[in-house]
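Working notes for the structure below.
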Amino acid sequence: MRSRIRLFSFLVAMLAPVTTMAGQHDGNKLRVCADPNNMPFSSSAQTGFENKLAALIAQKLGKTVAYTWWAQRRGFIRHTLNAGLCDLVVGVPAHYDLVENTQPYYRSTYVFVSQTSRNLQLSSMDDPRLRQLTVGVHLIGDDGNNTPPAHALGDLGIVSNVRGYMIYGDYREPDPPARLIEAVENGDIDLAAAWGPLAGYVAKFSKVPLTITPITGGEQFAPQRFQFDISMGVRKGDHALRDQLNDFIDRNKTAITDLLKNYGAPLVEFQRSTASGDLQ
Amino acid sequence: MTDPAQWPMAARNYANTRYSELDQINRSNASRLQLAWTFSVGADRGQEAAPIIVDGTMYVVGPYAGPYPNRVFALNATTGELKWSYAPRPEPAAKGVACCDVVNRGLAFDEGKIFLNTLDNHTVAIDAKTGKELWHTKLGEINKGETITMAPVVVKGKVLVGNSGGELGVRGWITAVDENTGAIAWRAYHTGPDKDVLIGPDFKPFYSSLRGKDLGVASWPADRWQVGGGTVWGWISYDPELNLIYYGTANPSPWNSNQRSGDNLWTTTIFARDPDTGQAKWAYQVNPHDLFDHDEINENVLVDLQLNGQTRKVLIHPGRNGYMYVIDRATGEVLSADAYDFVNSYKGVDLKTGRIVPNEEKTPVIGKNIENICPAAPGAKDWQPTAWSPRTKLLYVPHQHLCMDFKTAEAGYIAGTPYVGASVDMYAGPGGYRGEFMAWDPVARKKVWEIHEKLPVWTGTLVTAGGRGILRHHGPYLQGGRCNQWQRALAIQGRFRIHRSTCDLSRKRWPAVCRDPLGRWRLAWSGRQRRGGSSCAQCRARLHGRHPGLAVLYRGWKRASRIQTGGLRQASPTCSRAIFGPEQCAAALDFSHSSLRCLRP
């Protein structure tokens, strides 16, 4: 099923210029599309860090935030940003080719999560204990769409002790991707390999102390990588808003970083200068 | 199916032939078909359901899109007047959380009831006369990624339904529901232990590799089968004499392939089952350890063939993988498997073992750029069904002709989680064309004729006794989709020309779904223009009366037709270049400004 849809998405992506014309900026509104059920990123109660960032942007631009809520899955950009329902998606990976990216405003990493009491001190993909411990990973969809740890563990032949958790989960439950981290908390698995901002946030609320360790030794799995720059996304061609957002990022680095740290996101240094130069 | 005026299920009959004994559409008039009437289902995309017809009433369901999600319309088949409509009230969340697309592949009729599958996993029985809901049963959970997109089939009082959504961690199943009460009679999963797969003492697969205990567990690492895919979103056939149903399962997922070593049974597998109990009789796995997303959900056409002097009851399965399988439908033995399109991702099918032979050079690996994999991920043929004529003993096959380069994509993003994905660039296969409509002789094991198309042929087929095959363009997918929606009549000899639609107001006619110049989906008849002085101009006038504001659109309509007839130079030059230029998937038409315009990225 997937491929046909990928093709269709591709066609729709090609149609993006058509829908761009439909997207009209509303002078008083900052129109944002976000997932209503995906903390720490966003929630319908606007408690996610992307919600807070949107509010901050709106405040600086003298606007109010208006949300269109949509589960952030395949088709999200097509149904929201490119359908003209909004003008901004607060979090997308840098170089995400469905949107026009701003400069990145944070960089995070995949991490290992374990119960602190286990004292595993495990950070490397080369650690031989990965062959014995029960390791949970997020699954996204199939060969071409899974998380870097899922691929890397497979490359290492580490299979039988790996447990998969659907990133989609059961959408009736709060924040479905969090189940992976909760599985560590509950002792269902020894270790989770997960994207840092999610892991750091869920760990904050864990009833047992959890240790978050950035994953190292991932270079051997290139082009898989374990660190990503995250930027904001606007519709392709919407340079005016992109430039405003770049300006916002330039002027509010400290506030943005503080916000992310407050949500428990493990941040890592930017690896290279960006188009606008100075975000090292 | 003895009454030729009835079309009570998506494939018309249990054998899935999509053959009509009517001959009113024939070689001499196919080129003169005219518009009879149109009706908008309100959706702007995703109309994969062809209508069904029972006793002069046409029933059609729209996709889960637009203002009428999964609405069922009952229409007077002669006039197009609406008799009733049934509006399911799907969960509003369905669209946002549904896997993949929002399509619906059709309805079924039996015993005075219309059966509907909704995207949010309800099977509904509707009184065919009144449109009143009789019962509905929830079969799956949309919030876990399950949806239903396939057309139900009713066999011996049981409505057969399968799920979609493999990439969202769904475990595939087929379920039988009592047509009178909505109670679930049985459910067979396509991964896991034999008791879940309904494999018991009756199960006698032809090939030894498929015999053994709990292969739906043993052919996966650890507990991978629990989310293993193998959904059922295609077509179901039934042989009343053997009392067996036949269908294929989808690809394994959502694990990346290096996390699911083994054959991954019972994904990409053709099953024969007893419809009364659901117990499996035999199975044949088409693509063990699938690497190409080759769901084998394509139709299984049940025919009897003279092979080596013997009459064999076979099923013909045009594989996603590019091989045309002829399988003994009593035993599951593969009698032949011949490439019907250019294939290099496999090296053929070993008829001794029944196993397809992989080509390791073309194995997709993230981090490697693998070029020129044929067929591309949608396979040589997708869900768009074939038609079989018992007169010509040929299978008429609409299919793709695409190859792909498998590449690493910069970044994907789902639910706040970034990853390195894969992307595929698809392009025309050898010869420079992207689609083909062809006739296949399953006895001689070869193509009899072929028509190359610039674009993939994403549309189903029907064939009439009048010596014509009709291609119904109702798939909105892929290149220049909106340019390519118009019905086509094809002479079986291979010559073809285009018609816009039809004005036959008799009972003998063909429904079709096409798209108007506003991009709206409409029903139209195929048939001769002859009754009641209903000239095409009058049809247009009627249409105009019903939809004020449409008059200006006929210009666009005509121009769209010209594009179809190959008059590329007559059409907007921008459009011609954009649609038929070298760029794959490079353009689509925008009719929304009352004239035909073509927009390029």
For peptides B:432-440, B:14-22, B:227-235, B:81-89, sequence by mean Cβ density within 10 Å, most packed first: B:227-235, B:14-22, B:432-440, B:81-89
Label-to-label distance, nm, for residues given as B:N243 and B:K213 (7 Å Cα→Cβ offset): 2.9 nm
Mean shadow area of the stretch B:239-341, taken as a quarter of the surface of its Cα convex hull (nm²): 7.1 nm²
Solvent-accessible area buried by A and B, counting both chains, probe 1.4 angstrom, square angstrom: 6000 Å²
Between the stretch B:1-40 and the stretch B:272-292, the Cα center-to-center distance that results, in Å: 31 Å
Set of aspartates and glutamates with alpha-carbon distance to B:K156 below 18 Å, sequence-local pairs under 8 removed: B:D110, B:E111, B:D178, B:E179, B:D239, B:E241, B:D274, B:D276
Förster radius 35 Å - calculated FRET efficiency between A:S160 and B:K393, Cβ distance, rounded to 0.05: 0.10
Close Lys-Lys pairs in chain A, where close means Cα under 25 Å and separation is 8 or more or interchain: 21
Averaged over A:220-232, number of beta-carbon atoms from partner chains that fall within 10 Å: 3
Convex hull of Cα atoms in the stretch B:217-281, direction-averaged projection (nm²): 4.7 nm²
Stretchable slack from B:E450 to B:K204, in nm (0.36 nm times residue separation minus alpha-carbon distance): 84.8 nm
Three-way shape label, the stretch B:143-227, alpha-carbon gyration tensor, a/c 1.5: oblate
Shape of the stretch A:128-213, Cα gyration tensor, a/c cut at 1.5: oblate
Projected label distance in nm at B:D425 and B:T363, using a 7 Å step from Cα toward the beta-carbon: 2.5 nm
Average other protein chain Cβ within 10 Å of Cβ, residues A:157-167: 5
Spacing of the two label points (7 Å from each Cα toward its C-beta) at B:A222 and A:H239, in nm: 5.0 nm
Lysines with Cα under 16 Å of B:K313, excluding same-chain neighbours fewer than 8 positions away: B:K281, B:K393
Shielding score for B:247-257, defined as the mean number of other chain Cβ atoms within 10 Å: 6
For chain A, average projected area of the Cα convex hull in nm²: 14.7 nm²
Tensor-based shape of the stretch A:207-255 (alpha-carbon gyration tensor, a/c under 1.5 rounded, otherwise prolate or oblate): oblate
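The values are calculated or read from the model by the stated rules, or taken from the named source; none is laboratory data. Just so you know, these numbers come straight off a predicted model, no measurement behind them. Ideal geometry is used to build each Cβ from the backbone, glycine not excepted, and the neighbour counts take in all protein chains shown. Side chains are part of the model used for accessible areas, which takes the heavy atoms of the whole protein and leaves out ligands, DNA and RNA. Shrake-Rupley method; radii C 1.70, N 1.55, O 1.52, S 1.80 Å.
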